[in-house]
Structure formats: structure tokens, C-alpha cells
Amino acid sequence: MENELRNSWDKILEHMRTEFLISDVSFRTFIKKLSVYNIQDNILTILIDDTGIGNSKSFIEQKYSSFLSVSIEEITNIHFEQLKFIALSELDTRANNQDMHSVKPQKRHPSINPQYTFDTFIVGDNNDFAHAASLKVAEEPGESINPLYIYGGPGLGKTHLMHAIANYILDHDSSKRVVYVTSETFTNEIVNALRGSKNEHSQSLEEFREKYRENVDVLLIDDIQFIIGKESTQQEFFFTFSYLTDSKKQVIITSDKHPSNMTMLDERYRSRFEMGITVDIKAPTYETRMAILRSKVEIEHIQIDDSILDYIASNIISNIRELQGAINQVISFSRLCGREITMELTKEALSDKINPNMRRPITIDYILETVADHFDISVKDILSNKRSSNIAYPRHICMYLCRTLTSSPLAEIGNKLGNRHHSTVLHSCEFIENKINEKEEETMKHIDVLKKKIDPE
């Protein structure tokens, strides 16, 4: 019975997801954490791997127990008198049970955050390629993609992906030597090592090189832009970088800009950065922002009306860190005041972040999101290479609005809208301008409505 149940477990969970309409966020956060612990006297005990999701046992038991029981019976025809749940954190870590040891979380270096995993990373149109590339690196470190270069603005999830790669690798091979370091720490260590060498304490530099070359299988360096331009630091970094990549050791780098935009970076170094894969993370779309907020609400086991989440997601748009800070502020404000979370309370709690009289900045990402919503397509559709009229026409309009409503150059617009050449943007703008000059009614109506949506003033 137990073997049959274990063999069918993935099928049971998938059946549970589809039959009871469980969202992808809830499935990744809670349902995938469940596994068979033991069966005794027709009582099934389910193990909850609560690593990274906190105390969620009572929530899972109350919300999903009956769904799981029905799914087990429908898939296996096995009926259990009772389902019990036990959390990984509750178990005695000194127990000799082999199953327990197989799910016991690995010890992590203090610099690696165990809560930053692929399961807790919300995937959207703004980051799906970066997520896919990161997962591929985690599954095959040092093989298919090396280096992996992730770039984007602050608070968009670059560091989360780096830690997710580290955690995944260590979960699947605890013998791997995974090192995560910020560029500031890395720079300070290089400076100290070089200073020691100049004082004839050459062992300092040797120790540095041994630490970051000989004793590393996977090196993750955050915010590499702070190293660029410091000649001796930059040179020592690239010696390390070249040594590791040549030795088939995995290197993952994050930065706030594409290598081609690093004007102080030597061309020979830039080409080494680009020999792997370069992926960007954009500002989260509305759908991604809502998914992040719903995930937070589920983890906190609280009820917040979707209209309130919509208010937050529609006004906090710049980055994920600010979005998470906003929902945390609302929850904390509610608990401190002992009041229910209402729209009135939310506006009061976020009065320092959301000013009703403040004009929303008009950016390419904002225009892109507004156009996609207006035409009932996804941002991903506009960024794609699809040429059907229902996609190409909104894409033309989007490029036209980006050119007329922002000061961004054609090259930047093209880069943001699917890495297109500036001549493509110019062609789209001329296409829409011709429509307007010809007083084509449908186009003029779309442009008028969209301008009012983007800039109500």
C-alpha cells in the first residue's frame, strides 16, 4: 500500500491541483512541500517540509486535508480513516529514520539565504527567461551555461535567483563547494590581499586565490558593477573568473546593466562575460505583482480582499522589494492597531508610499503594461516575435507611445521591447503616424484612450 502511494504521489498532487483549482503559487508554496511519512493502522501521516515557509501546519491541515484525502482515493482507490500532518521542524533530527535524513535540510553558509528558492520565486513575463536560465544552471552547474550573467534594476529578484541556484545545487549535491559573495566583500578581500603582498606577506594573495579558485565549484558574485573601473581589483577578478570558467567551474554574476553598457569595462573582459548567457529581469508586470501579494497573504494565513491587493499592485510598480515592503507595512499596521485590513486602513498605512495626488512616472514598462491590458494580450506577446495582426498592431502602437510620451531614444525602446533594432521602432512609429495622418478612426481612438490611461492629466 505504501509503495503504491509513494509511486502515485506526484500524480495525486497534480490531480489535487487541477480538480480543486489550486493556484500555481499555492501549489508551489504548500502542496509540493508534502510527502508520505508513514502509514500505521490505516492512518496516513503526511510530512510537511516547512523549510522556508515557517509554521504552516495548521493552515495546510485545515485548507487542504480533505482535498488530499479525496485525491488519494480517486487516484489509488485507497481510503484512509484519518490523515495526520507532521512538520519537518517538529521531528527529532537525531532520529535514525532514513526517510527523515533524506529530507533533512542541508546546512547553509550564513551568506546563503535558505528562504530564497525557486519555489518561492514568482515567475512572470518580466523574469521567465532569467528563471529558466537560472534553473538550467542549477541543474547542470559548469556545463551548458557558463557564465550566467543576470542584470536588472535594484529589488527585481537578481539576488533571489542567485541564492535559489545555490540552494538547489546544495540540495542535490551537498559536496559542492558553493560560494556567494557581494562585490564589496570580494573587493575588500582583494585589496587586503594585494596590500599584504606589497608588504612582502605574499601568502595573503595566495590564500585569496586558493579560496576563490582552488576551493570553489560554484562562485556567485552580486553587483559586479562595483568592481569595474578599479584596475587592480578588476584584473584580479578576471584572473579568477577565467580560471574558474576554464576549469568548468560555474560562475554566476549579477549587475545593474548589460555588459555592453559598461563603458569602463575592457572589451576583452566584456566578451568573456558574454560567452555564456546574459539575461535581464524587468520590473514586475501587474499580474506578477498580484501573484507576489497573494503569495504573501497565503503564507501569512490572512484574508485580504483582492480590491486591496489591486490597489497596492497598481500603485507600487517599481520593484519587488518595495512591493513586499508595502504589504508588510499594511499587515503590521493592522496588527499594531488591532484593526481589520480594509481599503481605508491600507491607504492610511501606505500614505507615505502612495500619494493620490502624485503623478505616476511614465516609463516604457508602464506603457507596455498599459497597452497589453488595453488590447487584452500579455506583455510577453508584445515582446515576442509573433506577427499576427492582433499582436503586431498593439506592438506598433506601444512603440509609437514610447517614442511620443518618453524621452527614451529609439535604441532603448527597441531593447526594452524584445531587443529590436532601432530601425524597427522607427518603422512602427511611422506606421502609426501615417494612420493618424490619414485620420484612421480606430487607431486615433486607441491612441486617445491609451494616452488618457497613461497620463490622466
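The values are calculated or read from the model by the stated rules, or taken from the named source; none is laboratory data. The structure presented is a predicted model; accordingly, all values stated were derived computationally and were not measured. Don't worry about glycine lacking a Cβ; one is built from the backbone with ideal geometry, like all the others, and counts go over all protein chains shown. Ligands, DNA and RNA are excluded from the accessible area calculation, which covers all protein heavy atoms including side chains. Shrake-Rupley method; radii C 1.70, N 1.55, O 1.52, S 1.80 Å.
Atom-type composition of the exposed protein surface of the chain places 46 percent of the accessible area on carbon and sulfur (1.4 angstrom probe). Per-residue surface analysis assigns Glu81 an accessible area of about 140 Å², computed on protein heavy atoms at 1.4 Å probe radius. Based on protein heavy atoms only, the stretch 123-186 ends up with 36 Å² per residue of surface accessible to a 1.4 Å probe. Phe333 contributes an accessible area of around 60 Å² to the protein surface, as traced by a 1.4 Å probe with all chains present. Taking all Cα pairs closer than 8 Å and separated by 6 or more residues, the relative contact order of the chain comes to 12 percent.
For the stretch 286-295, putting each phi into the Karplus relation 6.51 cos²θ - 1.76 cosθ + 1.60 with θ = phi - 60° gives couplings of 4, 4, 5, 4, 5, 5, 5, 5, 5, 4 Hz, in residue order, rounded to whole numbers and with x for Gly and Pro. Ordering 176-186, 434-444 by mean Cβ neighbour count within 10 Å, with the highest value first, yields 176-186, 434-444.
Using the heavy atoms of the protein chains and a 1.4 angstrom probe, tell me the accessible area per residue for the stretch 303-457 in square angstrom.
Ligands and nucleic acids excluded, the result is 57 Å² per residue.
Ser389 contributes an accessible area of around 100 Å² to the protein surface, as traced by a 1.4 Å probe with all chains present.
Residue separation of Ser307 and Ala392 scaled by 0.36 nm, minus their Cα-Cα distance, works out to 27.4 nm of gained length. The listed residues His172, His301 rank as His172, His301 when sorted by accessible area, largest first, using a 1.4 Å probe.
For His258, His163, His422, the ranking by accessible surface with the largest value first comes to His422, His258, His163, using a 1.4 Å probe.
Counted over all Cα-Cα pairs of the stretch 302-457, pairs farther apart than 26 Å make up 38 percent.
When each of the peptides 218-225, 133-140 is scored by the mean number of other C-beta atoms lying within 10 Å of its residues, the order from highest to lowest reads 218-225, 133-140. In the chain, the ratio of gyration radius to Kirkwood radius, Rg to Rh, stands at 1.01 when only Cα atoms are counted.
In sequence order, the stretch 326-342 has phi-based couplings of 5, 5, 5, 5, 5, 5, 5, 4, 4, 5, 5, 8, x, 10, 5, 7, 10 Hz under the Karplus curve 6.51 cos²θ - 1.76 cosθ + 1.60, θ = phi - 60°, and Gly or Pro positions carry x.
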